[in-house]
Amino acid sequence: ATTLGAAAAQSGRYFGTAIAGGRLNDSTYSTIAGREFNMITAENEMKPDATEPNQNQFNFSAGDQIYNWATQRGLKVRGHTLAWHAQQPPWMERMSGSALRSAMINHINGVMAHYKGKLAAWDVVNEAFNEDGSRRQSNLQGTGNDWIEVAFRTARAADPSTKLCYNDYNIENWSYGKTQGVYRMIQDFKSRGVPIDCVGLQTHFTGGSSLPSNFQTTLSSFAALGVDVALTEVDVTNASTTQYAGLTQACLNVPRCIGITVWGVRDSDSWRSNENPLLFDGGGNKKAAYTSVLNALNAA
Ligand code: G3I
């Protein structure tokens with residue numbers, strides 16, 4: 001196959017990108033995005049500050065722009081994200097306790113009702129752990145340690161048709177404390193019947209040219225708990241071809257690794273643009289890392 005999406009589809013997987021709504025008028029950008037990818041994540045437009053700018057006043061205009069752009073081209077969409085310590089609207093940042101717990105539930109219900117039946121998956125909770133595997137302190141954590149499972153139960157009831165994911169960064173190295181902390185939570189959720197379908201490993205790789213230790217073991221270990229795994233926000237310092245090929249191969253080697261999403265189209269679109277971490281250069285040309293990923297997908 002000659003595009004990333006079609007190549008991934010040969011093994012039943014997807015290859016996606018984050019899209020910034022403000023860039024869709026750039027024809028180089030939208031041409032590459034529509035051609036190469038078959039799964040779309042809104043980079044910012046479905047986050048709480050975008051979708052509920054004032055309490056209980058929902059705004060889906062920016063999210064819908066991306067959703068409509070994608071579905072008009074036959075591309076699927078992942079929702080990102082419902083409950084997170086960052087990019088909360090100011091009114092939510094100021095809240096705590098039972099009022100915040102209620103507001104979180106109302107937010108999940110409001111956003112998921114709007115997109116009910118339309119999205120492949122939702123990142124229900126994002127980045128809730130510290131590097132040592134303990135829970136990150138935040139206003140949400142302050143509402144009680146059960147806030148994550150309440151978010152997932154609320155999400156399942158709101159839209160039973162979409163896959164519910166926990167999403168985080170620095171959970172790629174199997175011997176890392178944060179990875180183990182997230183692993184224990186997923187294990188606990190599965191043992192108690194808390195609804196969860198998938199783990200998103202953001203896969204923001206910095207430095208080095210080899211993969212984090214036991215990356216494939218991490219993927220297969222999460223999968224063995226009975227969840228799908230996905231690489232949800234991939235970017236790699238200087239787009240190391242060995243790391244890009246290796247992360248692609250690791251996903252291909254794990255049957256429940258369902259897809260890979262890169263966090264932007266061209267280097268110039270990246271939140272790490274000074275590190276040139278993506279598959280297309282600023283001019284929209286395919287980089288060596290693009291070829292290494294495409295070849296790995298085609299060899300599967
Ligand atoms: O839209 C405003 C604009 O009106 C304003 O003039 C400008 C001035 O600062 O800010 C613009 O908002 C920025 C927004 O991106 C859109 O460009 C925010 O400041 C900026 O903080 C925001 O950054 C985003 C970041 O999440 C915020 O947490 C990045 O684009 C986005 O790539 C990044 O994505 C996160 C994932 O959601 C979760 N995992 C990590 C990943 C990278 O940080």
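Among the residues of the stretch 1-22, those that are touching a helix residue (DSSP H, G or I) at 6+ places or on another chain (Cβ under 7 Å), more than 16 Å from Asp235 (Cβ to Cβ) and not in a loop (DSSP other than H, G, I, E, B) comprise Gly5, Ala7, Ala8, Tyr14, Gly21. Each residue in the stretch 7-27 was checked for being among the charged types (D, E, K, R) and under 13 Å from Val293 (Cβ atoms), and 1 pass. Cβ-Cβ distances below 9 Å connect the following pairs, each with a first residue in the stretch 187-201 that is over 18 Å from Glu233 (Cα atoms) and surrounded by fewer than 16 Cβ atoms within 10 Å (Cβ to Cβ), a second residue that is of a type in the set (Val, Ile, Thr) and at pLDDT 95 or above, and a separation of six or more residues or different chains: Asp188/Val194; Lys190/Ile196; Lys190/Val227. Trp69 passes every criterion in (1) in contact with a Lys or Arg (Cβ under 9 Å, 6 or more places away or on another chain); (2) within 16 Å of Ala120 (Cα to Cα) apart from (1).
Looking at the structure I just gave you, is Tyr183 surrounded by fewer than 22 Cβ atoms within 10 Å (Cβ to Cβ), within 16 Å of the ligand (Cβ to nearest atom) and among the hydroxyl-bearing types (Ser, Thr, Tyr)? No. Can you find, within the stretch 281-290, the residue that is surrounded by the most Cβ atoms within 10 Å (Cβ to Cβ) among those that are in contact with a strand residue (DSSP E or B) (Cβ under 8 Å, 6 or more places away or on another chain) and assigned to a helix (DSSP H, G or I)? Here the residue is Ala289.
Only one of the listed residues (Gly97, Gly21, Gly110) is exposed (fewer than 15 other Cβ atoms within 10 Å of the Cβ) and either within 16 Å of the ligand (Cβ to nearest atom) or under 19 Å from Phe152 (Cα atoms) (or both). That residue is Gly97. In the set Leu278, Leu211, Leu294, Leu247, only one residue is hydrophobic (A, V, I, L, M, F, W, C), part of a loop (DSSP other than H, G, I, E, B) and within 20 Å of Gly5 (Cα to Cα); that residue is Leu278. Going through the stretch 230-274 one residue at a time, which ones are crowded, with 24+ Cβ neighbours inside 10 Å, of a type in the set (Val, Ile, Thr) and more than 16 Å from the ligand (Cβ to nearest atom)? Matches in the stretch 230-274: Thr248 only.
Applying the criterion of being assigned to a helix (DSSP H, G or I), within 19 Å of the chain's Cα centre (by Cα) and within 15 Å of the ligand (Cβ to nearest atom) to the residues of the stretch 46-64, the residue that is surrounded by the fewest Cβ atoms within 10 Å (Cβ to Cβ) is Asp49.
The values are calculated or read from the model by the stated rules, or taken from the named source; none is laboratory data. Just so we're clear, the structure is a prediction, and the values are computed from it rather than from any experiment. Backbone-built Cβ (ideal geometry, glycine too); neighbour counts: all protein chains shown.
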